[in-house]
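These notes concern the structure reproduced below.
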Amino acid sequence: MNKIEIKPGIYWVGGIDWHIQDFHGYKTHRGTTYNAYLIIDEKVVLVDTVKHYLYGEMLARIKEIIDPSKIDYVVSNHVEMDHSGSLPKILEEAPNATLITSVQGEKGLRRHYKRDWNFHVAQSGEELSIGKRTLVFVHVPMVHWPDSMVTYIPEENLLLPNDAFGQHIASAERFDDEIEWGVLKEATATYYANIVMPYGTQVGKALEALGGLDIDMIAPSHGIIWRSRIPDILAEYVKWANHETEARALIVYDTMWGSTERIAYALAEGLSEADVPVTVRSLKNTHISDVMTDLITSKLILIGSPTINNGMLPSMGGFLTYLKGLRPKDRLGFAFGSFGWGGQAAGEIEKFMKDMGWEVPIEYVNLKFVPDTEELGNVKSIGKELGKILG
Amino acid sequence: MDKYRCTVCGYLYDPKKGDPDNDIEPGIEFSDLPDDWTCPLCGASKDQFEME
Ligand SMILES: [Fe+2]
Ligand SMILES: [Fe+2]
């Protein structure tokens with residue numbers, strides 16, 4: 001195995017998960033990596049580990065560099081098992097190592113692993129000298145769990161922020177200048193939308209806390225390491241944290257016999273006539289986590305479902321539950337649907353939008369059985385009007 | 001005695017239980033918590049809580 005040195009004496013010792021396609025319900029088309037970092041100084045430090053089934057790969061990478069029993073400190077920036085899953089085994093290999101984590105990190109790790117490890121709880125801002133270098137631990141609660149912490153090495157201008165700035169990409173490349181920017185940007189956006197979006201305010205606080213630091217490398221716990229595009233990705237994070245969107249429309253729907261789909265397309269036509277870029281996603285074909293990639297940049301969100309058994313389609317119910325948790329703000333909403341009798345779905349969707357705090361400038365459209373030409377013409381006009389409101 | 005939920009992380013402040021992590025004894029109403037009290041889980045400030 002070739003050694004991957006990201007800074008002199010600091011190595012990437014992670015695992016590449018080429019095969020994962022479902023990351024707790026998030027569709028990871030490109031797989032992912034779990035990034036662990038080994039720092040060789042007077043003290044030897046391992047920052048984070050890998051998902052349990054890639055332990056062997058991490059260990060092999062460490063052994064290329066040093067005898068793992070020489071590890072003095074293991075830093076656990078984040079309790080979630082994709083990063084803590086190899087702690088039990090590596091701490092068997094390095095029984096004298098101290099495990100450094102945050103206040104909530106210790107509680108969480110005890111709940112997960114039921115082991116009485118040699119814990120050291122780092123307070124936020126705490127510094128630890130490891131020889132030529134210093135480790136600075138900063139708590140970043142809810143980016144994206146209560147325990148989340150970042151490790152900063154001032155002598156190296158290196159930030160190890162764990163899940164923040166990550167992306168689910170499995171690749172041979174390790175750095176942002178070795179991979180196509182469009183691919184990297186999209187993967188980072190998808191990751192932010194599905195993992196970090198609910199915590200925009202906390203991201204803002206974390207960016208503020210980290211703003212004063214000199215950073216020339218950001219090495220997250222998933223995917224590619226940032227060194228050439230740091231200003232670009234920081235700018236994107238600021239936008240996303242502030243829920244800044246573009247004048248784009250996203251139509252998300254599911255359909256039973258095609259009526260709701262026809263309404264969706266009539267809306268799309270009207271929006272296009274108003275020169276609004278519009279993306280159309282059917283929940284039959286598009287995974288809900290991919291819809292979020294479109295949603296993160298779209299100001300206007302149009303959501304439609306037919307009524308089945310006095311409610312919306314279960315696919316739409318699932319989508320809205322997911323959306324509610326991710327809490328996108330500052331959106332314009334429009335609901336639509338079709339029905340045979342009852343017809344509750346469209347109204348329920350509109351209520352959902354209002355409960356989310358979205359502005360709903362035009363009341364929902366709900367059409368009986370199969371829409372006719374005149375009705376579709378009216379729907380198209382609504383699309384156009386929404387486009388004008390969007391500006 | 002009203003319960004309040006953190007809108008950031010979902011932690012529930014139950015006055016009957018207090019908040020041992022911040023040395024808040026059981027029986028203290030949410031409104032009587034000090035202004036600088038923060039969520040024991042995620043550090044959110046008091047104004048980020050909503051009544052359940
Ligand atoms: Fe995580
Ligand atoms: Fe993660």
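More than 14 Å from ligand 1 (Cβ to nearest atom) and away from chain B (no Cβ under 14 Å), is that true of A:LYS51?
no
Looking only at the stretch A:58-111, count every residue that is among the small types (Gly, Ala, Ser), more than 14 Å from every other protein chain (Cβ to nearest Cβ) and within 16 Å of ligand 1 (Cβ to nearest atom) and tell me the total.
Residues meeting the conditions: 4.
At pLDDT 95 or above and open to solvent by 30 Å² or more (accessible area, probe 1.4 Å): is that true of A:VAL291 in this structure?
No; evaluated as a whole, the condition is false for this residue.
Which of the residues belonging to the stretch A:84-112 are assigned to a helix (DSSP H, G or I), in contact (Cβ under 8 Å) with a residue 24 or more places away in the chain and more than 25 Å from the chain's Cα centre (by Cα)?
Residues satisfying the conditions are A:PRO88, A:LYS89, A:ILE90, A:LEU91, A:GLU93.
Just to be sure I understand, how many residues within the stretch A:99-112 are at pLDDT 95 or above and open to solvent by 50 Å² or more (accessible area, probe 1.4 Å)?
4
Among the residues of the stretch A:136-163, count how many are farther than 24 Å from A:PRO198 by Cα and either among the acidic types (Asp, Glu) or within 13 Å of ligand 1 (Cβ to nearest atom) (or both).
Result for the stretch A:136-163: 2.
Can you pull out every residue in the stretch A:116-157 that is more than 10 Å from chain B (Cβ to nearest Cβ) and of a type in the set (S, T, N, Q)?
Once the filter is applied, which keeps residues that are more than 10 Å from chain B (Cβ to nearest Cβ) and of a type in the set (S, T, N, Q), the stretch A:116-157 yields A:ASN118, A:GLN123, A:SER129, A:THR134, A:THR151, A:ASN157.
Counting only residues that are within 16 Å of ligand 2 (Cβ to nearest atom) and open to solvent by less than 10 Å² (accessible area, probe 1.4 Å), which one in the stretch A:51-81 is farthest from A:VAL13 (Cα to Cα)?
Going through the qualifying residues, I end up with A:VAL79.
Just to be sure I understand the filter: pairs with C-beta atoms under 6 Å, separated by 6 or more residues or on different chains, first member in the stretch B:30-44 and more than 14 Å from chain A (Cβ to nearest Cβ), second member of a type in the set (Lys, Arg). Which pairs pass?
Pairs that qualify, where the first residue is more than 14 Å from chain A (Cβ to nearest Cβ) and the partner is of a type in the set (Lys, Arg), are B:TRP37/B:LYS46.
Being assigned to a loop (DSSP other than H, G, I, E, B), touching a strand residue (DSSP E or B) at 6+ places or on another chain (Cβ under 8 Å) and either away from chain A (no Cβ under 12 Å) or exposed (fewer than 13 other Cβ atoms within 10 Å of the Cβ) (or both) is the filter here; which residues of the stretch B:1-27 pass it?
B:ASP2, B:LYS3, B:GLY18, listed by residue number.
Among A:LEU367, A:LEU326, A:LEU386, A:LEU332, which is the only one that is touching a residue at least 60 places away in the same chain (Cβ under 8 Å) and touching an Asp or Glu at 6+ places or on another chain (Cβ under 8 Å)?
Testing whether each residue is touching a residue at least 60 places away in the same chain (Cβ under 8 Å) and touching an Asp or Glu at 6+ places or on another chain (Cβ under 8 Å) leaves just A:LEU367.
All but one of (1) touching a Leu at 6+ places or on another chain (Cβ under 7 Å); (2) open to solvent by 10 Å² or more (accessible area, probe 1.4 Å); (3) closer than 26 Å to A:GLY317 by Cα hold for A:ILE215, so report the exception by its number.
(3)
Condition check: more than 17 Å from A:HIS222 (Cβ to Cβ) and not charged (D, E, K, R). Does A:GLY25 satisfy that?
no
The values are calculated or read from the model by the stated rules, or taken from the named source; none is laboratory data. Because the structure is a prediction, the values reported are computed rather than measured. Glycine also receives a Cβ, built like all others from the backbone with ideal geometry; neighbour counts cover every protein chain displayed. Calculation scope for accessible area: heavy atoms of the full protein, side chains included, ligands and nucleic acids excluded. Shrake-Rupley method; radii C 1.70, N 1.55, O 1.52, S 1.80 Å.
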